[in-house]
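Taking it in order: structure first as structure tokens, then the write-up.
The values are calculated or read from the model by the stated rules, or taken from the named source; none is laboratory data. Everything quoted here is computed from the prediction, not taken from an experiment. Because the Cβ atoms are built from the backbone with ideal geometry, glycine has one as well, and the counts that use them run over all protein chains shown.
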There are 2 protein chains.
Amino acid sequence: MTARAVIERIQQKVGVPWRAQTVDTFKAGDPETTVTGIATTFMATYDVLQRAAASGKNLVITHEPTFYNHEDQTKDFADDPVYAAKAAFINQHKMVVFRFHDHWHARRPDGIMAGVIEALGWEKLRAPDQRGFTIPSTTLDGLARDLRDRLKIRAMRVIGDPELAVTRVAYSPGFTSLQGAMRSLSRPDVDVLVLGESREWEGIEYAQDAIAAGRKKGLIALGHAISEEPGMKECAAWLKTFVTEVPVEFVPAGEPFWTPK
Amino acid sequence: MTARAVIERIQQKVGVPWRAQTVDTFKAGDPETTVTGIATTFMATYDVLQRAAASGKNLVITHEPTFYNHEDQTKDFADDPVYAAKAAFINQHKMVVFRFHDHWHARRPDGIMAGVIEALGWEKLRAPDQRGFTIPSTTLDGLARDLRDRLKIRAMRVIGDPELAVTRVAYSPGFTSLQGAMRSLSRPDVDVLVLGESREWEGIEYAQDAIAAGRKKGLIALGHAISEEPGMKECAAWLKTFVTEVPVEFVPAGEPFWTPK
């Protein structure tokens, strides 16, 4: 079974039309390579590639980029030694990397959110809309601690009054743009926006200003990897339902950060 | 003295030619307003504006945006209630906001770095190049703790082996692009890159891969505000040397984040 055949099967099964414009393409390796095993991951870091190769998985399906930018453009740093080492490792181990971002989010329900909801145990807390949850009454600090403990986060960041009463949560996996932060925080039925990352002069400043303007809001930044990684564990489980010829395994990229004690 | 007259004096004194293309422009208010006092800050958040107004400062000189995006474009969210409240506050209090980013960095020495170096007590640790420092031998964890304690950081994030031997530091204030992270981390004379913020799929993934590739490197993300704010305290001190007609005060924006205990 070739890497291309695996991806064609994904395209048939994902349940949404495959887009003409998408980042969901092969990023490295030869699509005609015979697959020995499949690793799904949040991000195909060098460390993830090493662990995948060590366990005999030569097709890596990654949610985020392999080469440090959204389009995986590498022409500007073809001579960079870290890039060169990673690219050489992929070649030496006959690996193939495919990105699965746009369509895994486009699936209904969103494949990333499906995994997040399972990791949080929030299956029964879902509000009628896609990304809203109504949780048992707590405080911003209480929710932050609960998320930290469930997702085992080392370096979480929170904005707002720790004693803020919280019951209605918007969850925005990954990077949240200004427009996304505005949309969530301006909803009267959202007490707290949980996201992966947002720039300090965009969504973060907006959250600070919403609070300074007297709105009862909070923001919890989990980190991008933490906020989406369970969705790629879900992806491995989904792949196993229709790829049975080779082993499929979730290889966690993990939280990149730690914080001094 | 009008706000425009203050800015013209800054343009005369900053020591570098004023650029045709720059974000250093008036962002809100009437430049012909008579100035009652000047506040310098990392970012003109709503909270900073309220504190500046309360102490009689109606000209706010901000390093980062006022309206949640680099260009301070507001046409797409003219009806947003948080934006509207902030804009109304500026009008009601006859305030003027001017951004001072490009030229304060362009000044030699870089005005932001001058303030950071003073805050860190690193005046005598400077390497021959602009942003490099040679610090007493420590570990990555030791440097992280020292920075946390000196800058009073609540939510710092670190990548790399805590026991990594560290003596040569590159300091990149604010947002670090992929290109910036590559440049610093590929230098043989840099053990650790200290920065404000970088996206997880750009500079952060690159740092993870540099380490996985066997390079002895670390990265410390202070937060954008923390990494630059001392430079706007320095700006207030500098302004006082040639603006004596009105009070000048540094109004800290502060670290936006906290972390649950």
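When each of A:220, A:135, A:159, A:226 is tested for being of a type in the set (A, V, I, L, M), touching a helix residue (DSSP H, G or I) at 6+ places or on another chain (Cβ under 6 Å) and closer than 30 Å to residue A:57 by Cα, the lone residue that passes is A:226. Counting only helices (runs of 4 or more DSSP H) that fall entirely inside the stretch B:145-244 and contain at least 1 residues that are more than 30 Å from residue B:11 (Cα to Cα), the qualifying elements are B:178-185, B:205-212. Residues that are more than 10 Å from chain A (Cβ to nearest Cβ) and outside any loop (DSSP other than H, G, I, E, B) within the stretch B:68-87 comprise B:75, B:87, listed in sequence order. Would you please name the residue that is nearest to the other protein chains (Cβ to nearest Cβ), looking only at residues in the stretch A:162-171 that are touching a helix residue (DSSP H, G or I) at 6+ places or on another chain (Cβ under 6 Å) and over 20 Å from residue A:124 (Cβ atoms)? Ranking the qualifying residues of the stretch A:162-171, first place goes to A:162. The one condition from (1) without any contact (Cβ under 8 Å) to a residue 12 or more places away in the chain; (2) more than 23 Å from residue B:74 (Cβ to Cβ) that residue A:183 does not meet is (2).
Whenever a residue of the stretch A:139-159 is facing chain B (nearest Cβ under 8 Å), its partners that are surrounded by fewer than 19 Cβ atoms within 10 Å (Cβ to Cβ) and aromatic (Phe, Trp, Tyr), lying with C-beta atoms within less than 7 angstrom and at least six residues away or across chains, give the pairs A:155/A:258; A:158/B:258. Considered as a group, the residues in the stretch B:194-207 that are among the hydrophobic types (A, V, I, L, M, F, W, C) and within 7 Å of another protein chain (Cβ to nearest Cβ) include one that is surrounded by the most Cβ atoms within 10 Å (Cβ to Cβ), and that residue is B:204.
Name the residue that is farthest from the other protein chains (Cβ to nearest Cβ), counting only residues in the stretch A:211-222 that are touching a residue at least 40 places away in the same chain (Cβ under 8 Å) and either in contact with a Cys (Cβ under 6 Å, 6 or more places away or on another chain) or more than 22 Å from residue A:173 (Cβ to Cβ) (or both). Taking the candidates together, the pick is A:216.
Name the single residue that is nearest to residue B:216 (Cα to Cα) among those in the stretch B:172-193 being among the hydroxyl-bearing types (Ser, Thr, Tyr) and more than 9 Å from every other protein chain (Cβ to nearest Cβ). So, considering only residues that are among the hydroxyl-bearing types (Ser, Thr, Tyr) and more than 9 Å from every other protein chain (Cβ to nearest Cβ), the one nearest to residue B:216 (Cα to Cα) is B:184. Looking only at residues in the stretch B:19-44 that are in a loop (DSSP other than H, G, I, E, B) and within 13 Å of chain A (Cβ to nearest Cβ), which one is nearest to residue B:91 (Cα to Cα)? Only one residue fits best here, namely B:44. Among the residues here, residue B:255 qualifies as within 13 Å of another protein chain (Cβ to nearest Cβ) and part of a loop (DSSP other than H, G, I, E, B).
Inspection of the stretch B:45-56 finds a residue satisfying the criterion of being under 21 Å from residue A:206 (Cα atoms) and away from every other protein chain (no Cβ under 11 Å).
Table: residues versus (1) in contact with a strand residue (DSSP E or B) (Cβ under 8 Å, 6 or more places away or on another chain); (2) farther than 27 Å from residue A:39 by Cβ; (3) modelled with pLDDT of 95 or more; (4) within 9 Å of chain B (Cβ to nearest Cβ).
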{"residue": "A:209", "(1), (2), (3), (4)": "no, yes, yes, yes"}
{"residue": "A:224", "(1), (2), (3), (4)": "yes, no, yes, yes"}
{"residue": "A:228", "(1), (2), (3), (4)": "yes, no, yes, no"}
{"residue": "A:232", "(1), (2), (3), (4)": "yes, no, yes, no"}
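Scanning for something of a type in the set (Gly, Ala, Ser) and either assigned to a strand (DSSP E or B) or within 14 Å of another protein chain (Cβ to nearest Cβ) (or both), does the stretch B:109-125 turn up at least one residue? No, the stretch B:109-125 contains no residue that is of a type in the set (Gly, Ala, Ser) and either assigned to a strand (DSSP E or B) or within 14 Å of another protein chain (Cβ to nearest Cβ) (or both).
Scanning the stretch B:230-240 turns up no residue that is surrounded by 24 or more Cβ atoms within 10 Å (Cβ to Cβ), hydrophobic (A, V, I, L, M, F, W, C), free of Cβ contacts under 8 Å to residues at least 12 places away in the same chain and out of contact with any Lys or Arg (no Cβ under 7 Å at 6 or more places or on another chain).
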